[in-house]
Amino acid sequence: MKKIAFVLLLLPTLLWAQKPSKNSIKINLSSLLLRNYHFTYERSLSKHMSFSLGFRTMPYGNVPMEGTITEQMDDKSINLSRMKLGNIAITPEIRYYFSSKGNQGFYAAPYARYLVYELTAPITVEDKSSGQLIQVDRDFKGKITSMNGGLMFGIQYPIWKNRMVFDFWIVGAHFGTSTGILTAEFNPALSTDEQAVLQREVDNLDTSPFKSVGKVTANSAQINTEGPWLGVRGLGINLGFKF
């Protein structure tokens, strides 16, 4: 009787251990260094193919690696120490595994990516051409959205009793288009001279390769951007659980 009871208690565990695992949930460990939280769900479709859906978010806050970026910037009118940034990304992809062992080994993954960046971009300008100092310091807030398509290569292997997976993104890239709107509200209103100084700065902003058009009034300003978007994926260390 004791043996029968032991087998009955152990049976669900044995069945679970032998059941094929077609699903996995993974977290990208390397993205944590940039304050990004990236999770991926993968579903096996066959020995060679799977579908995965990734979700990434970076909470709105200070720009990661601010000091390094500041050293590379030519436009000193942008105060990066006051800049804020956040984003979300949704990435569906189809993976083709070249091995027939079942969703492991080297793979190629065509994918799409939808991106939304929320940002605050402080702009500070000074002008002494009229003989007196005119200074304007305002925060432009808004969003930039992007749609992309790309291709990534990686390698995945099961670990720890075939219940966990190690997924390494080797290299990938995506290309698409983007649009953005940044606005600033002024209270108190700008003087005529301050409007002229800020308009000149907005017109001369170096946003290459994006095109930008800005309009400044006494009470507000708006900058519209559009252009190509290029992104890179790679050197991603992912750890997952299969179920």
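Summing charges over neighbours of Leu133, with a neighbour being any other residue whose Cβ is under 14 Å away from its Cβ, gives -4 when K and R count +1 and D and E count -1. The calculated FRET efficiency for Leu235 paired with Asp203, based on their beta-carbon distance and R0 = 35 Å, is about 0.35.
Each Cα pair under 8 Å and six or more residues apart adds its sequence gap; the mean of these over the residue count of the chain is a relative contact order of 18 percent. If you sort Tyr97, Tyr157 by accessible surface, 1.4 Å probe, largest first, the order is Tyr157, Tyr97. Using the Cβ-Cβ distance between Tyr41 and Val213 with R0 set to 41 Å, the FRET efficiency works out to roughly 0.55.
What translational diffusion coefficient, to the nearest whole µm²/s, does the chain have by Stokes-Einstein, given a Kirkwood radius computed over alpha-carbon pairs, a temperature of 25 °C and 0.890 mPa s viscosity? The Stokes-Einstein estimate is 115 µm²/s. Any idea what angle helix 2-18 forms with the longest principal axis of the chain, computed on alpha-carbon atoms, 0 to 90 degrees, nearest 10? Tilt relative to the chain: about 50 degrees. Placing unit charges on each Cβ (+1 for Lys and Arg, -1 for Asp and Glu) gives the chain a dipole about its Cα centre, and among Met49, Phe140, Gly176 the Cα reaching farthest toward its positive end belongs to Met49. For the chain, the longest principal axis of the alpha carbon atoms and the long axis of helix 192-203 meet at an angle near 40°.
For the chain, a crude dipole built from +1 on the beta carbon of Lys and Arg and -1 on the beta carbon of Asp and Glu, taken about the Cα centre, is about 2360 debye to the nearest 20.
The values are calculated or read from the model by the stated rules, or taken from the named source; none is laboratory data. Remember, predicted model here, so these are calculated numbers, not experimental data. Reconstructed Cβ throughout: ideal geometry from the backbone, glycine too, with neighbour counts over all protein chains shown. Note: accessible area is taken over every heavy atom of the protein model, side chains too, but ligands, DNA and RNA are not part of it. Shrake-Rupley method; radii C 1.70, N 1.55, O 1.52, S 1.80 Å.
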